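Student: I'd like to ask some things about the structure below.
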């Protein structure tokens, strides 16, 4: 591999590929870190107590551990979740040690290519993507990810609409006084109208809430809402990249959300997964 | 309102991100499956399934499309969420 030696393999990286005939080893990736003048070696343990080390190129590095060229895979969901939590733990330890990081997804593993070991492939990738990675590091500098989810309890909202909406109230009264057959048909009409009013109500809530919280943060991303669970509808799913003071403002804006049947979930701080 | 990190509340938030987002590597460097929605179906089945299928030359185009779509999606600053109105129609 024709790299100039503008990089550094901490520990004895690459040795796994040394044995003739051995399967090419992989490198499990946790995150890219930005380093100062000199690299402070990580001290955390990774998935399955593996040794986490840094592969450096200029002033950035990747935290990694040596692994087989195959994904972590188990039938035991608890085991998989433990791996995921361990992945996250390493990244969060890196966040506090190095401040500025770009996280990889779980199970991101680099393989060696023919004639090239995995560590070299990784260094080559760092070299080729150096400017892009530096720009991303600049964007996330001093910021963390927060997640805002807003839910609507459709039962509560429907009850409220039935009590306050003129059209629905009138139709309900008509159902009440109609003969059995006609009442049945009117009931269907009422349900359709209620569904439409509920959808309009949810749309209005989405726009009102969106407009009240997004001015507090400079960078955010609207995520897909999850399918409804029972009677709970997700109105808004927002990933926010925020500094500490922006987070406080966001929290204040969320505190003010006060609509019947609406609940807010606010989690973080997370590594900036959504802004890669 | 303060953000929470209580695990029983935030595990889904974490899984959504750790499994589906993060820095994207060139697909030719990777051995793993990026961008496949792992939750909601068996985590291991999807991993094993796609890897095995790819090994035998199956679903490689699908896999490429998934990766491309993931790269495109993550490259976009914001994405359009389905409106609450659309979701409500599925209740």
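Student: Once each part is reduced to its C-alpha centroid, what is the distance from the range A:249-276 to the range A:212-238 in angstrom?
Tutor: Cα centroid of the range A:249-276 versus Cα centroid of the range A:212-238: 9 Å apart.
Student: For A:98-106, what's the mean count of beta carbons from other chains sitting within 10 Å of each residue's beta carbon? Intermediate values should be presented prior to the final figure.
Tutor: Working: counts 0, 0, 0, 1, 2, 5, 8, 16, 10.
That works out to 5 on average.
Student: Can you tell me how the range A:7-140 classifies by the Cα gyration tensor, rounded, prolate or oblate, using a/c under 1.5 as the rounded cut? Before the final figure, lay out the partial values.
Tutor: Values: a/c = 1.70, a/b = 1.11, b/c = 1.53.
Judged from the Cα gyration tensor, the range A:7-140 comes out oblate (a/c at least 1.5, b/c at or above a/b).
Student: To the nearest whole number, what is the average tally of beta carbon atoms from other chains within 10 Å of the beta carbons of peptide B:6-17?
Tutor: Working: counts 1, 1, 0, 3, 6, 4, 5, 11, 11, 6, 7, 14.
Taking all residues of B:6-17 together, the mean is 6.
Student: Which whole number gives the average, over all residues in A:224-230, of C-beta atoms from other chains lying within 10 Å of the residue C-beta? Provide the component values of the computation, followed by the final result.
Tutor: Values: counts 6, 6, 4, 5, 6, 1, 1.
Averaged over the peptide's residues, the number is 4.
Student: Sticking with this structure for a sec: Report, in degrees rounded to the nearest 10, the 0 to 90 angle that the Cα long axis of helix A:154-164 makes with the longest principal axis of chain A.
Tutor: 30 degrees
Student: For A:120, A:76, A:208, what's the fewest-to-most ordering of other Cβ within 10 Å of each Cβ? All intermediate terms of the calculation are to be shown ahead of the outcome.
Tutor: Details: A:120 21, A:76 10, A:208 13.
Listed from fewest to most nearby Cβ atoms, that is A:76, A:208, A:120.
Taken together, the values in this text are just the output of simple stated rules run on the coordinates, not laboratory data. The shown structure was predicted, so the numbers you read here are calculated from the model rather than taken from an experiment. Positions of Cβ are generated from backbone atoms using ideal geometry, with glycine treated the same way; all protein chains shown enter the neighbour counts.
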